[in-house]
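Student: One structure, pasted below without further comment.
The values are calculated or read from the model by the stated rules, or taken from the named source; none is laboratory data. From a predicted model like this one, the values you see are computed outputs, not experimental measurements. When we count neighbours, we look across all protein chains shown, and the Cβ atoms used for this are built from the backbone with ideal geometry, even at glycine. Note: areas computed on protein heavy atoms with side chains; ligands, DNA, RNA excluded. Shrake-Rupley method; radii C 1.70, N 1.55, O 1.52, S 1.80 Å.
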Amino acid sequence: MKLETYIRDIQDFPKPGIVYKDITPLLQNPEAMREGVKRFLENLGDVKIDKVVGIESRGFFFATLLAEKLNAGFIPIRKPGKLPFTTIKESYSLEYGTDTLEIHSDAIQKGEKVLIHDDVLATGGTAAAACKLVEDLGGEIVQLNFLMDLDFLKGREKLVPHNVTSLFTF
Ligand code: AMP
């Protein structure tokens, strides 16, 4: 099953020059969703995971499915002002300006094994900020997984020395 055939390119969204990778055709298809979960679990192998962290918002879909399969807790990382309890924050640079991510301060206990998931690895700034938040709480990052990575943006270089996998590459 070629999961990449369920990704739809939207030209110039959300702004001119961006080719947006729309995962909603994949989410509409239960067989493709099951196949995605199966491949993520195969890539992870037989390791214990305590928490699966999903990055807002398209990271939440597969992160919750994986958490359930792994008998792990699901943790959301969100944009500022969305999480109701006390948080820690991490800012990162964008092409123009900066953005910030937050995680609940009680989301991860020291030494817990963590899997981080998002839909797309582009420049890697978002995922690198997520790593910092998890490590600031004392979590040990076992793997970062993505549905796809945009190889030409070299996001993997920002995530060294972590274990990074994706189901397909554009
Ligand atoms: P980056 O920090 O550049 O790696 O960007 C990753 C974040 O932006 C992820 O949360 C993605 O969901 C989103 N993203 C970046 N580029 C795209 C794209 N071309 N299509 C869809 N989502 C994207």
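Student: At a 1.4 Å probe radius, carbon and sulfur cover how many percent of the accessible area of region 46-169? If you can, show how the numbers build up before the last one.
Tutor: On the way: 3000 of 5950 Å².
Carbon with sulfur: 50 percent of the solvent-accessible area.
Student: How big is the C-alpha Rg of region 46-169 next to the rule-of-thumb value 2.2 N^0.38 Å, as a ratio?
Tutor: Numbers: Rg = 13.3 Å, N = 124, 2.2 N^0.38 = 13.7 Å.
The reported ratio for this selection is 0.97.
Student: If you don't mind, another one. Name the residue from Gly125, Leu70, Thr87 whose Cα lies farthest towards the positive end of the charge dipole of region 46-169, charges +1 on Cβ of Lys and Arg and -1 on Cβ of Asp and Glu.
Tutor: Positive-end residue among those listed: Thr87.
Student: Which listed residue (Phe168, Thr24, Leu101) has the Cα farthest towards the positive end of the charge dipole for the chain, taking +1 on Lys and Arg C-beta and -1 on Asp and Glu C-beta about the Cα centre?
Tutor: Farthest towards the positive pole: Thr24.
Student: What does the extension gain come out to for Val37 and Val19, with contour length at 0.36 nm per residue minus their alpha carbon separation? Don't skip to the end; give the middle numbers.
Tutor: Details: separation 18, 0.36 × 18 = 6.48 nm, distance 2.51 nm.
Full extension from Val37 to Val19 adds 4.0 nm.
Student: So, for the chain, what is the accessible surface per residue at a probe of 1.4 Å, expressed in square angstrom? Write out the running numbers ahead of the final one.
Tutor: Details: 8890 Å² over 170 residues.
That works out to 52 Å² for each residue.
Student: Quick one: dipole size for the chain, taken about the Cα centre, charges +1 on Lys/Arg Cβ and -1 on Asp/Glu Cβ, in debye to the nearest 20.
Tutor: On the way: 21 positive and 25 negative charges, 26 e Å.
About 120 debye.
Student: To continue, here is another question. Give or take rounding to whole Å, what are the principal axis extents of the alpha carbon atoms in region 40-111, in descending order?
Tutor: 40, 27, 21
Student: Taking a virtual spin label 7 Å from the Cα of Met1 along the C-beta vector, which residues in region 134-170 bring their backbone nitrogen under 16 Å of it?
Tutor: Zone members listed by number: 147-148, 167-168.
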